[in-house]
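Engineer: What follows is a structure written as structure tokens; I'll ask about it next.
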Amino acid sequence: MTEVVFYVFATIAVVSAALCILQRSAVSAALWLVTTMFSLAGIYVLLGAQFIAAVQVLVYAGAVMVLFLFVIMLLNIGHSTPDLRGSSMVGATVVVVGLLVVELATLWRYTPRRLAAEITGTPLANPAALFAAGQAAQQETAARGVVGGVAAPLFQQYLVPFEATSVLLLSAIVGAVVLAKRKV
Amino acid sequence: MPVHLVWLTVAFPLLGFLVNGALAFARPNARRAVSVAGVGSLVASFVVSLGIFLTVRSAHIVEPEIVKLWAWLPVDRFHIDIAFQVDPLAAVMLLVVTGVGSLIHLFSVGYMQEDAGYARYFAYLNLFIVFMLVLVLGSSLPVLFIGWEGVGLCSYLLIGFWFSDTANASAGKKAFLMNRIGDFGVLIAMFQLWTTLGTLEFVGIAREAPRLLQPGGTAVTLITLFLFLGCTGKSAQIPLYTWLPDAMAGPTPVSALIHAATMVTAGVYLVARTNVLFAMAPATSTLIAGVGALTALFAASIGLRQYDIKKVLAYSTVSQLGYMFVGVGTGVFVSGLFHLVTHAFFKALLFLGAGSVIHAMHHAYHASHSHDDAQDMRNMGGLRSYLPKTWVLMWIATLAIAGVPPFSGFFSKDEILTAAFVRGADNPWYYLFYAMGLAAAFATAFYMARLMVMTFHGENRSGAAAREHLHEPGAIMTGPLIVLGVLSALGGILNVPAALGGHHALAGWLRPVFAPSAGYLQVEELRGSTEYLLIAAAVLAGVAGLVLGYRATLNSRLLPAREALPDTGFARVLANKYYVDEAYDRVIVRPVVGFSRSVLWRFFDQGLVDGLLVNGSARLFRGVGWLGSQLQTGQVGFYVLFFAVGAVWILHVLLG
Amino acid sequence: MLLGPSLALSAILFSLGVAGVLLRRNAIVLFMCIELMLNAVNLTFVALSRLYGAGGYVMVFFVMTVAAAEAAVGLAIILAIFRHEQSVDLENINLLRG
């Protein structure tokens, strides 16, 4: 059942991503991107990361994409203008992206067992022993709830980087305001 | 005085140079200080030299004493020290250089008194003495070469002393360039000596050459030929003599010191220093004697028709240097050096006398606002009554150079001619050299008599206005003249031959120096009557030259330079110095300049270096840069594409 | 466990993002493609954090933060460029051309 739902979401994600990059209109592209993000949120749920899924919907599909749409409409470039590059560029793109897919598609067959076997170099490695941290995290989630499972490392182990991101966001705000102002 | 203090002789003039050089920059008009430093340092050096000489004499130093100052080039087996060599030859040269040098320095105080470059002049002169002493004291060829190059530099600086006149500056350049050709020869000879003998010390050469070189072999002949090439440059022999007459552009005391008494005799000194090599190379020796004889005759014949008093003396110097080379080429090194010494006396006297005349003429013309040439003998005449002391002294020098007994030149010149004649017994070429030398002796006497008559006798031609201002210069200039006069008259005592009741004092003194070469030169004994006959012939040539020259010049109709008619016929060829300068210009200078201009400059420098290498490399990099810049399209897509290609490649490396 | 399929999906989405960046000239669409690539990477983090622990989730937060900051600043830059060029077509923006 889980796998079927996964593949449904995966198909939606891939198709809408493809449409996103092929749509002439920037508005449609943005909307297809929103679709991709929603289906990714569904996949996050399937992978047991419900909190991330919620944030994905709120921040990405909500805030960021609204910002995009807002800018598109502000600049009034929503209507279609041909903006695909020349045929030589299209050919190069097909080749490069094709190679990229071929290289990355090998990941398709990976399971925790095979990953453990490759990392340790022995075919009979026990994935449970190797990936004990993942087990512990799942038990933590089971004990403290989904939010607690994320919050504990975020505010304990990664507290300093977390605080650093607040500085990053502040500077991004200042930067965006300065850049967007007509006259400084 | 201990021998190891010999460095003091060099240190005093060096100090003088430094003081005068500093004064030339800081206080160019402090003439009294410059005079004290310039002359004082030389006199001090002379006193030390005298002390060294007496020590060498009393201690009977036979083996050269090496005074090492410091190690200069310690390179593996090639080890050169800055070291001085004290032996009888060095002692003689020390006395000549510092003695004559002191007198000429003293004379310069009067002669250059009113010159703006007074301090600079004495700085150069002192520096010259430093290098000349290094030259005669150096214990090895490289150290000698320091002095050799240094005196060349000072010669250049002093020839072009009044450099604001282009002719003087280019005369200096000419002297320098001609000397470079000779220096090249000395360098090559040094390289060859190092490869064949493995030493450049004079002591080492004297020790190794008989062991490692075959007498008359190719190696020693080549070495001596290249050494002699250096001598032809420095000592103004055919074919490199043309710079010396032009060098008269410098102040007259400089001509006396550098271009008559000391520097130009460096070639003779070099041959004497390396006498063992020349004794082992009879072919080279014959060539040297031949070149010397030819130069003696050739230059003397040019001297017959020159009008510039200094030019006459310059050609006379070239001619007398030729005699010295006949001497050393004949194998009688002592006679060559003897003539070097006596020549230093009488030629310095002649030049300083000429300087005294020019000084007087210059002042007279200056006072009468005339622009006539103060050096042209056609403007002189009858100066006897205005410059009586100079007249007497110049006559002494003239008799000396003409070889009239008992003046000094007679002894030295006679020895050389006699030796050449004797050598003719086993090499008939030397008879020819003897004949040429005799002819040159006649010509020498002739042009000297002509010079004396044109300058001091007959009617005065300098003009009524100038005549009133003619007077003898002061004691500071006549004093050195008198000393040199005494030396010129009595210098022959140094080496009176046995035939005239003497005992060859100089020859005995220098015997240890020439001991290594003695084995290679067979000494022919001469029957007494032949020797007296030869002496008579030489004296006759001199006296005949003097008498004929005196009468011919006195009887000819002389006009001041402005009114004189141009020479015709062979006289014109002589006056134009056989057109040698013109021929050199056509045959060597112009092709070299043309080659340099068209091939070296236009093709190599402008075409290859500037065009292909400098601009070419710039163009190459601009082209490569242009190619690189074509990658920078400014299109973000391209950058991303390259980025993606790189990412794919990295993935391939990681996963593949 | 869905590890392999998740990673493969992530790879495909990332490649599509790259293709979009290469193909499109509209600066805003370019930005959206970058967002797509960031999302693909996020998926990888989430999938692997089932094996390696909650660090992956934290990293996803950081990526989102960076993405938000980037979107804000980037869109502001596009606004400024649009004011200057009256266009967001990257063909017209080639100040770096050699």
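The values are calculated or read from the model by the stated rules, or taken from the named source; none is laboratory data. Since the model is a prediction, treat every value here as computed from it, not as a measurement. Cβ sites come from the backbone with ideal geometry, for glycine too, and all protein chains shown count toward neighbours.
Engineer: May I ask you to verify whether B:Thr252 is of a type in the set (Ser, Thr, Tyr), at pLDDT 90 or above and over 30 Å from B:Phe122 (Cα atoms)? If you could, list the steps in order and put the result at the bottom.
Structural biologist: Values: of a type in the set (Ser, Thr, Tyr): yes; at pLDDT 90 or above: yes; over 30 Å from B:Phe122 (Cα atoms): no.
Judged against the criteria, B:Thr252 is not a match.
Engineer: Moving on. What helices (runs of 4 or more DSSP H) lie completely within the range B:519-590 and have 3 or more residues being over 21 Å from B:Phe298 (Cβ atoms) and among the β-branched types (Val, Ile, Thr)?
Structural biologist: Details: elements: B:528-555, B:569-575, B:580-584.
In the range B:519-590, B:528-555 are the helices (runs of 4 or more DSSP H) which contain 3 or more residues that are over 21 Å from B:Phe298 (Cβ atoms) and among the β-branched types (Val, Ile, Thr).
Conditions (1) surrounded by 13 or more Cβ atoms within 10 Å (Cβ to Cβ); (2) under 31 Å from the mean Cα position of the chain (by Cα), marked per residue:
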residue	(1), (2)
B:Leu540	yes, yes
B:Ala544	yes, yes
B:Ala552	yes, no
B:Leu559	no, no
B:Asp567	yes, yes
B:Leu574	yes, yes
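Engineer: Something else now. Please go through the range B:203-221 and give me each residue that is under 22 Å from B:Pro74 (Cβ atoms) and touching a Pro at 6+ places or on another chain (Cβ under 7 Å), ordered by number.
Structural biologist: Restricting attention to the range B:203-221, the residues satisfying the condition of being under 22 Å from B:Pro74 (Cβ atoms) are B:203-205, B:207-208.
B:Val203 - this is the single residue of the range B:203-221 that is under 22 Å from B:Pro74 (Cβ atoms) and touching a Pro at 6+ places or on another chain (Cβ under 7 Å).
Engineer: Show me the helices (runs of 4 or more DSSP H) entirely contained within the range B:399-512 in which 1 or more residues are in contact with a His (Cβ under 9 Å, 6 or more places away or on another chain).
Structural biologist: Details: elements: B:408-423, B:429-456, B:464-467, B:475-490.
Once the helices (runs of 4 or more DSSP H) in the range B:399-512 are filtered for at least 1 residues that are in contact with a His (Cβ under 9 Å, 6 or more places away or on another chain), what remains is B:408-423, B:464-467, B:475-490.
Engineer: If you don't mind, there's one more thing I want to ask. Looking at the range B:305-336 only, could you name the residues that are touching a Leu at 6+ places or on another chain (Cβ under 7 Å) and in a helix (DSSP H, G or I)?
Structural biologist: Of the range B:305-336, the ones touching a Leu at 6+ places or on another chain (Cβ under 7 Å) are B:305, B:309, B:312-314, B:317-318, B:324, B:331, B:334.
Correct list: B:Ile309, B:Val312, B:Leu313, B:Ala314, B:Thr317, B:Val318, B:Met324, B:Val334.
Engineer: While we're here: Report yes if some residue within the range B:617-633 is surrounded by 11 or more Cβ atoms within 10 Å (Cβ to Cβ), assigned to a loop (DSSP other than H, G, I, E, B) and within 12 Å of chain C (Cβ to nearest Cβ); otherwise report no.
Structural biologist: yes
Engineer: Tally the residues that are free of Cβ contacts under 8 Å to residues at least 12 places away in the same chain and either surrounded by fewer than 18 Cβ atoms within 10 Å (Cβ to Cβ) or farther than 17 Å from A:Ile72 by Cβ (or both), restricting the search to the range A:14-30. Break it down into steps so the answer makes sense when it comes.
Structural biologist: From the range A:14-30, those free of Cβ contacts under 8 Å to residues at least 12 places away in the same chain are A:14-15, A:18, A:21-23, A:28-29; that's our starting set.
Filter again for either surrounded by fewer than 18 Cβ atoms within 10 Å (Cβ to Cβ) or farther than 17 Å from A:Ile72 by Cβ (or both), leaving A:14-15, A:18, A:22, A:28.
Number of matching residues: 5.
Engineer: Is at least one residue of the range A:31-38 over 30 Å from A:Gly148 (Cβ atoms) and within 10 Å of chain C (Cβ to nearest Cβ)? Don't jump to the end; show me each part of the working.
Structural biologist: At the first step, the residues of the range A:31-38 found to be over 30 Å from A:Gly148 (Cβ atoms) are A:31-33, A:35.
From what's left, within 10 Å of chain C (Cβ to nearest Cβ): A:32-33.
Yes, that holds for at least one residue.
Engineer: Still on this structure, I have one more. Go through (1) over 26 Å from A:Ser28 (Cβ atoms); (2) modelled with pLDDT under 80; (3) more than 9 Å from chain C (Cβ to nearest Cβ) and name the single condition A:Ala105 misses.
Structural biologist: So A:Ala105 meets the others, but not (3).
Engineer: Hey, another quick one. Which of the residues spanning the range C:39-54 are more than 17 Å from A:Gly42 (Cα to Cα) and surrounded by 22 or more Cβ atoms within 10 Å (Cβ to Cβ)?
Structural biologist: Of everything in the range C:39-54, those that are more than 17 Å from A:Gly42 (Cα to Cα) and surrounded by 22 or more Cβ atoms within 10 Å (Cβ to Cβ) turn out to be C:Gly53, C:Ala54.
Engineer: What tally of residues in the range B:88-116 results from selecting those that are crowded, with 23+ Cβ neighbours inside 10 Å and outside any helix (DSSP H, G or I)?
Structural biologist: 1
Engineer: Still on this structure, please answer the following. Return only the number of the condition from (1) surrounded by fewer than 19 Cβ atoms within 10 Å (Cβ to Cβ); (2) at the interface with chain C (Cβ under 9 Å from one of its Cβ atoms) that A:Met73 does not satisfy.
Structural biologist: (2)
Engineer: Just a yes or no: is a residue in the range B:418-434 farther than 27 Å from B:Met377 by Cβ, surrounded by 24 or more Cβ atoms within 10 Å (Cβ to Cβ), basic (Lys, Arg) and in contact with a helix residue (DSSP H, G or I) (Cβ under 8 Å, 6 or more places away or on another chain)?
Structural biologist: Among the residues of the range B:418-434, at least one is farther than 27 Å from B:Met377 by Cβ, surrounded by 24 or more Cβ atoms within 10 Å (Cβ to Cβ), basic (Lys, Arg) and in contact with a helix residue (DSSP H, G or I) (Cβ under 8 Å, 6 or more places away or on another chain), which makes the answer yes.
Engineer: Further question on the same structure: For the range A:124-164, give me the residue count where each residue is more than 9 Å from every other protein chain (Cβ to nearest Cβ) and either in contact (Cβ under 8 Å) with a residue 40 or more places away in the chain or crowded, with 17+ Cβ neighbours inside 10 Å (or both).
Structural biologist: Total satisfying the criteria: 3.
Engineer: Ok, one more. Just to check your reading of the model, which residue among C:Val58, C:Val63, C:Val21 is among the β-branched types (Val, Ile, Thr), part of a helix (DSSP H, G or I) and surrounded by 23 or more Cβ atoms within 10 Å (Cβ to Cβ)? Break it down stepwise before answering.
Structural biologist: On the way: C:Val58 fails: surrounded by 23 or more Cβ atoms within 10 Å (Cβ to Cβ); C:Val63 fails: surrounded by 23 or more Cβ atoms within 10 Å (Cβ to Cβ).
Answer to the selection: C:Val21.
Engineer: Turning to a different aspect of this structure: Checking the conditions here, which among B:Gly519, B:Gly607, B:Gly594 is more than 28 Å from the chain's Cα centre (by Cα), under 30 Å from B:Leu244 (Cβ atoms) and surrounded by fewer than 14 Cβ atoms within 10 Å (Cβ to Cβ)?
Structural biologist: Values: B:Gly519 fails: under 30 Å from B:Leu244 (Cβ atoms); B:Gly607 fails: under 30 Å from B:Leu244 (Cβ atoms).
Answer to the selection: B:Gly594.
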